[in-house]
Every structure is written in C-alpha cells, then in structure tokens.
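Worksheet for the structure shown next.
Derivation of every value follows stated rules applied to the coordinates shown; laboratory data play no part. Small disclaimer: the values here were computed from a predicted structure and weren't measured. Methodologically, a virtual Cβ is constructed for each residue, glycine included, from the backbone with ideal geometry; neighbour enumeration extends over all protein chains shown.
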2 protein chains.
Amino acid sequence: MIVQSYLDMLKVKSAIRELSEWSTARGAEIGYENVFDYSLGNPSVPCPPQFTQVMIRLLQTAEPVALHGYSPTLTLPSVRQAVADHLRRRFGLPYTAAHIFMTAGAAGALAHALRCVVAPGQEVLTFAPFFPEYKPYVEGLGAVLRVVPPRCQDFQIDLDAFEAMLNPNTAAVLINTPNNPSGAVYSADTLRALADRLRQASQRFGHRIFLISDEPYREILFGGIEAPYPASFYDDTLTCYSFSKSLSLPGERIGYLAANPACEHAEDIVPMCGQISRGTGHNCPASLIQLAVAECLDLTSDLSVYETNMNILYDELCRLGFTVVKPGGTFYIFPKALEADSVAFCEKAKRYDLALVPGDTFGCPGYFRMAYCIDTDKVRRSLPALERFVRTEYPL
Amino acid sequence: MIVQSYLDMLKVKSAIRELSEWSTARGAEIGYENVFDYSLGNPSVPCPPQFTQVMIRLLQTAEPVALHGYSPTLTLPSVRQAVADHLRRRFGLPYTAAHIFMTAGAAGALAHALRCVVAPGQEVLTFAPFFPEYKPYVEGLGAVLRVVPPRCQDFQIDLDAFEAMLNPNTAAVLINTPNNPSGAVYSADTLRALADRLRQASQRFGHRIFLISDEPYREILFGGIEAPYPASFYDDTLTCYSFSKSLSLPGERIGYLAANPACEHAEDIVPMCGQISRGTGHNCPASLIQLAVAECLDLTSDLSVYETNMNILYDELCRLGFTVVKPGGTFYIFPKALEADSVAFCEKAKRYDLALVPGDTFGCPGYFRMAYCIDTDKVRRSLPALERFVRTEYPL
C-alpha cells in the first residue's frame, strides 16, 4: 500500500521550482533570453578541461572490469587517500584516508553525517537564512530541524538566539559557509564563538554536540578573501563537501564527508557511513567519477564570472536603494525586499520578467535571493528591468 | 553524539566479506591465482565496447555545462523515456517515462521501492535463500523483514509456507529472479500462483500488497530459456533493475525502478521517489552514466562465460555426489553441503583453498554458494581441489 507521508509531500510545491517553471513557461512566450531568471543555483561555467581529459584517458586506457568495478563499501581507497592528502595540505588537520568517505554530492554527505550523529527524535539546529533542503534531510531520518533566527545586518550568527535554543535534545548544529542564500562567509570570530558555545553546551548536557559543516561553495570566494575552515575551530566537526560547484559537475553527484580526526569516534565515522549506506541504497558514488575528481582536487572551473556578476548586481542594488549585505562568496545575493511581504515583492517582479526567490523559502521573510550563476550579459541586460520594477512598484 | 545503532552494526561481520578477506590474505601467501575464490558476486567480463565509445563521444562532443548539469529530481527525461520504450517493446506493458525513475543501481531502486509502499513497523516478506542485504534495506526504513522458508527441491516458492506468513501487516513481498544465491528462475507457474495469493490476500486484508521484484540478473540466463517477467503477472509490481551485471558496471551505480502502469497510484510512484530521494541523499545517479546506458539498453556484455562455468561446476558437483539444483541463470550455484553444518563445511573447504559461502548467510543453512564469475581456467583448476576436499573430508 502506498505510503501516505510521501504522497502528502507531493502536495507541497517548492517555491524555487515553481518559479523556475514560470521562467521556462515565460521563456516559451518571449524567448528565454528575455527572462531574467535568477531562480536556480546551477553552475553556469564548464568543468575544467582537465576533468574531461582525465575521464577520457581513464576510459581509453584503464581495464574496464577494474575501472567500472564495485567500490569497496567505504569507497575507493586511493580516492579517499587523495582527498585526505589534499585537506591535510590545505587546512593542516591530520586527515588520513580513514576519515574520508566519498558521497553522491553534498546531499549524500549530509544524509550520512546526520545519520551518524543524530538519532530519530533529536534536534538539529541551523541558522536562517538556510538551504530549504535541510528540512527533508533532517526529517528524512526522523529528527527535527529547528531554525535560529537570522542576524540580518551581516548574516553572521546571532549567538544569543543560538544559545537560547541549545537544549539537551540538541544533537547537531548544521552550518553552511559560504552561505546559500546570503553569500555570507562566516568569519573566524563567528566560528570561534560558535565553537565556544558548542563546547560549553556539550559539557553542560554531558554529550558531544556535533557540528555539520556544509561547504559546497568553499572555492567561490570574492575579493581575494580566504574562508576560515570550520573544522579547524571545533573538533567534533563533520565536513560535507561537493564538487558540484567547484568543478561544475552537479549532475555527476560527487562529494565527500570528512570527519575531523579529533572528533568523537573519529575512526568509526567512515565505517558507520558504510553501514548507513546499506540502509539508504546510497552505496558509493560512481567509481569512474570518484577516480576522475581525485585527479582534479587542486583545480576549479573558472569561477571568476560569479564575482563579476556579484559586483554588477551589488552596485546596482545599492544604487537603487536596496539594503544588501555584500556577499563574500557563492553565486547568491540576498537583499532586503522593498516591502515586508517578500512573496508579494517577488510576485510583482515577475511583471518585469525578473525571477526572484522570496526569502520565506530560506526561513527569512522580507528578503529575496538572486542566483547570479548566469551569463554576465544577461545580468547587464536585467538591470533596466530591475530599475523599472523598483521605480514603478516602489516610487519614492 | 555518535548514534549507537550504527556503531553496533560495525560489530557484525559479513560472512561474505570475511571470506573474501581470507581469500585475499591467502592469495598473498600462495598467489591469488591459486586461491579458488568463489566468494564474491562481481562481474568478471568487461562492459560492451559500445558503452565506452558512447561515454567518450559524450565527453568529446557534448557541451559540459549541459552534460554534467543537474538531473531533474525525477532523473533525466530522455533516459526515462528510453527505458520505458525498451521495457514496453520487450515485455508488452504500457510503460511511459512517467513510470521510470533512474537509480543508483538496484540498491537505490530497492531503497526507493520499499519506502514507497512500506511504512515503518510494517512487514516485508521474502523467500529463502535470499540476498542478505535485503535485511538492512528493509530495516533501514524501520520495517521488518520476514523470511519464508525455502523450497529446496527446486528453489521455487513454497506457497503454503508463504500463505501462512501473509498477515494484515504485510506491506510488500520482495522477490529476486533469477535468484542470488540459488540461480533459480521463477517459472510462469510460480509467478502466477504467487500473484493469485497476493491478490487474494490484498482483498482479504483490504489493502494492496505490493510485489517488489529485484532483477539484476535478468539477462544472465542459461540454456536459451526466457525468464518470465514478474510485473506481467501482478499489477502492483515495482521492478528494480541494475545494469551492474548486464553491462558489467557495478561501480557506476546505475539502475532503475519501473512502476507497473497498472499499479496503485501508478503516476505517483515516480514523484514519490523524488521526495524519498530528498530525505536519503540519493538524488540522481550520475548524469553522464544515465545518458550512456540509455544508448546501451539493448546490449549486454558477453555473458557466455557464466554459462560455461556453470556447466563445468554443475557436472562436477553432480559427479562428486552433491545434491544440486541446476541454475537457470545468474552466476551462482547453491548445492547442498555434505554435512548439516554448512559453516563447518565451508570452513573445511578453506583447507583446500576453496572459498565457499555458507548458506546460513542467505537464510538457508545446510547449503553453500559458489559465485562463478571468475575465469573459466580457474574454474577448471579448482576441480581437483574440490575433489580432494570431498574425498578427504567426506569419504564414502
């Protein structure tokens, strides 16, 4: 018999998806090049040519039975070793292959990380604004997601609000830096303070609260800044990474979970992931893709277009009078809407062929997200539409 | 805090894995070519060259942003259409793209199929001997796996034993034909009788009991037989397929779930799979691999070696006095051990460098499995060891 809970989920429409569908439908009317579609966070630049070259070389030269053979349950040892070496070199933590589990993107990494440290009925805290898929990730294992209110002046963490929500049933805290949708990069001060509160709470409640750090935007940083590495601040950290954005491979579903070598049961996390996989049908990411990314760990796509687009949009939004925090990375910007009801605001924007996502989707009403992973030409062409929208709907 | 249930799972060792590790260790002593390793069900023949050619062509000619882009939540429409066309042509059921969901192998398909139709606390029935991973698949969603005793004379279904175990809490029945480990192919009579009992029970209990049909060995058939297609016998069937064996791609994690167009909520199954994916981190199989298999649906690897090996082993096992059902397909054979304790039997076999898996692993003590997906030369070379083992340990 059909399971009602999943059937019920079909009734809830994703605002982002609906907006994307609107963009497609509107594109069919006026030409998609004339729809200023800021709805979806899909990379717009190609993977590095080296990735393609590695893939072709593997296909042409490796023995097919070995190349396409089963990964061991804990994923390919050579790939885990390469990732550990990369992370150790880059962030100075003593990772070994024993701490690395290759996953089907960040989604797979988060699904495993959450199941490792959160039991059904326990709570996970995250911070608004947040990626809306965190809710099904957490609820999918029978746990509860609770959302700490945003600190809108800079989209860092409201520590007092956070402190107030920590409780004995808190199993993990889920962060995302650089952040979707705000573009904020957590500062060292933020991460240090977060770690302090977590250590105090872990001691107070008598169990370790894990930090799960979702980092698919780690390589997309602006203005030459470096993003502090969350696991360096807090031992009990599980880092979740995806190559979707850094190598522009979202469809190939490849990422990893890295357990901080100083975390509780550090040597058990990866074997636990192997067990978790058995119950969710995840098993391993595709062997060939694992092998190929292992040779591209120090590469990224040419990500500079995102910074170009951000600067154009940020300047124009400021000029038009928006309150907006300048993103430190990602390909998102999260300005304050020009009326309290951001759903109404984004609905009006559609009249100007602008697809903007209301902040409500991210637990942060009153704001809106623009995903500027699109051609710079289109960003430029969208500016007159944006100005007309603002001047017409919100005259001074 | 670490979740104890997964930590506890680490204490349970897989008999197959331990045996495979023994084979590897023994191989380090005497040369792996001298270990007659019948432990693992890994394809031993290469993928068809066309698969490699398609992959290289896609990498060389397709636009990378599109090629490696996100699949839609319900997986790639062109690929779903190709699979539906293939199944419709081959089995005559009116599949459309709406009934197909691409998955990370059969494991992914089973994980989705089970979650679609089995709620936590409900029961799934399967038939001994059975693939041991069914247990974590079912328990992973909080349901209970119950095992119908085997019908050892032919490894078809003991219908009376099955009937006796059906109850109002039975949500689904999980079959595997051609079967791992027995090599049995369910006959049309078996499937017809099974379907009759399921229809009667569904009516009696007032809810549809789903049939989940796991078919990774569909293309590996011996003696020119055709395997009846389970979904043709029972409307409420979810078919789970993997290309791991047919195209020798186990590491690439690619398969599909096909909902019988006549099943309950047939149009909702695939959208439900999309929702289930959100909670398990499965998302889609790799886009590139989806696209490549869609061009290889009517191909298989050269699978003839498995039949050659089966015949050699079957004849020798008969000659040595084993009671053994001749496999109709797969790359497994499941003879009766020469003593009641098949664990002891397989332990003794190791003295002759034979790696045999006790039937206990498959819910069928007193038997043992040989996975003959190895070189024919090695199969031949193993025969003297098998004879010495039998003559020495079990003299007449």
Between beta-carbons, use under 14 Å as the cut-off and find the net charge around A:ARG115, counting Lys and Arg +1, Asp and Glu -1. -3
Farthest toward positive dipole pole in chain A [+1 Lys/Arg, -1 Asp/Glu at C-beta], among A:TYR229, A:LEU198, A:VAL144: A:VAL144
Relative contact order of chain B, pairs being alpha-carbon contacts under 8 Å that are 6 or more residues apart, as %: 24 percent
Degrees between helix B:376-393 axis and first principal axis of chain B (Cα, 0 to 90, nearest 10): 50 degrees
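Compute the normalised compactness of the range A:117-218: alpha-carbon radius of gyration over 2.2 N^0.38 Å, N being the residue count.
1.00
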Express in % the proportion of alpha carbon pairs of the range A:165-276 at distances exceeding 17 Å. 58 percent
Starting from one equal scatterer on each C-alpha and no solvent at all, send me the Debye-based log10 I(q)/I(0) for the range B:32-177 at q = 0.21 Å⁻¹, two decimals. -1.30
Those GluC sites (Glu not before Pro) from the range A:202-266 that are DSSP loop and have at most 14 other Cβ neighbours within 10 Å turn out to be A:GLU226
For the range A:49-294, alpha-carbon Rg over 2.2 N^0.38 Å: 1.00
What value, in deg cm²/dmol to 500, does the helix sum -39500 (n - 2.57) over DSSP H runs of n ≥ 4 give at 222 nm once divided by the residues of the protein assembly as shown? -12500 deg cm²/dmol
Once you have a ≥ b ≥ c as the square roots of the Cα gyration tensor eigenvalues for the range A:242-333, tell me rounded if a/c is under 1.5, and otherwise prolate or oblate according to whether a/b is larger than b/c. prolate
Using +1 at the C-beta of Lys and Arg and -1 at the C-beta of Asp and Glu, which of B:CYS364, B:CYS346, B:THR308 has the Cα lying farthest in the positive direction of the dipole of the range B:242-396? B:CYS346
Can I get the semi-axes of the protein assembly as shown's equivalent ellipsoid? Compute them from the C-alpha gyration tensor as square roots of 5 times the eigenvalues, in angstrom, largest first. 48, 28, 25
Based on other C-beta atoms within 10 Å, arrange A:SER232, B:SER44, B:SER39 from fewest to most. A:SER232, B:SER44, B:SER39
Take A:LEU317, A:LEU159 and order them by how many other Cβ atoms sit within 10 Å, fewest up front. A:LEU159, A:LEU317
Test of understanding: in a Gaussian network model of chain B with alpha carbons linked when under 10 Å, which of B:THR52, B:THR75, B:THR376 would top the mean-square fluctuation ranking? B:THR52
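Of the listed pairs A:LYS13/A:LYS350; B:LYS348/B:LYS378; B:LYS135/B:LYS245; A:LYS245/A:LYS348; B:LYS11/B:LYS326; A:LYS13/B:LYS135, which have alpha-carbon separations greater than 28 Å here? Let's see the in-between values first.
Numbers: A:LYS13/A:LYS350 18 Å; B:LYS348/B:LYS378 20 Å; B:LYS135/B:LYS245 21 Å; A:LYS245/A:LYS348 30 Å; B:LYS11/B:LYS326 36 Å; A:LYS13/B:LYS135 34 Å.
The pairs that break the limit, which is 28 Å between Cα atoms, are A:LYS245/A:LYS348; B:LYS11/B:LYS326; A:LYS13/B:LYS135.
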With Cα coordinates, the longest principal axis of chain A makes an angle with the long axis of helix A:49-61, in degrees rounded to 10, of 40 degrees
State the Cα centre-to-centre distance between the range B:3-46 and the range A:110-184 in whole Å. 39 Å
Give the longest segment of chain A that steers clear of trypsin sites (Lys or Arg not before Pro) in DSSP loops with at most 15 neighbouring Cβ atoms within 10 Å, not counting the sites themselves. A:14-396
Listed residues B:VAL83, B:SER20, B:LEU110: farthest to the positive end of the dipole of the range B:8-128 (Cβ charges): B:VAL83
Nearest 10 degrees, 0 to 90: what angle lies between the long axis of helix B:77-91 and the longest principal axis of chain B (Cα atoms)? 60 degrees
Measuring from its Cα centre, chain B shows a charge dipole (+1 at each Lys and Arg Cβ, -1 at each Asp and Glu Cβ) which, in debye to the nearest 20, is 180 debye
